[in-house]
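Below you'll find the structure, written out as C-alpha cells, and then a few comments.
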Amino acid sequence: MSTRIVSGTAHRTLAEAVASALDTELAACGVERFPDGELRPVVERVRGDDVYVVQPTGPPGG
C-alpha cells in the first residue's frame, strides 16, 4: 500500500508541495467539465492505496 496525492482544480502548486513533502508523486488526474458547470474527476487506479485529495476552499495566497 502506498500514499497517493490527488490535486483538485483550485491549487495544484499546493498539492505538488504536499506530495514533495511526503516523498511521493501526484496521482494522474483529469477533470471533465460539463456545459452546466458540473465536474467529473477522473483519477488513475488507486485501489488499496491511502488517497488524499488536496483541494483548498479559499483563494490562493489568502
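Taken together, the values in this text are just the output of simple stated rules run on the coordinates, not laboratory data. Since the structure is predicted, the reported quantities are computational estimates derived from the model, not experimental observations. Here Cβ is always computed from backbone atoms with ideal geometry, including for glycine, and neighbour counts include all displayed protein chains.
What range in the chain is the longest one free of trypsin sites (Lys or Arg not before Pro) that are in a loop by DSSP and have at most 16 other Cβ atoms within 10 angstrom? Please report the intermediate quantities before stating the final value.
Details: sites that count: Arg45, Arg47.
Here the longest run is 1-44.
Quick check for me: using +1 on Lys/Arg Cβ and -1 on Asp/Glu Cβ, what's the dipole size of the chain about its Cα centre, in debye to the nearest 20?
Details: 6 positive and 9 negative charges, 14 e Å.
Using Cβ point charges on Lys, Arg, Asp and Glu, the chain gives about 60 debye.
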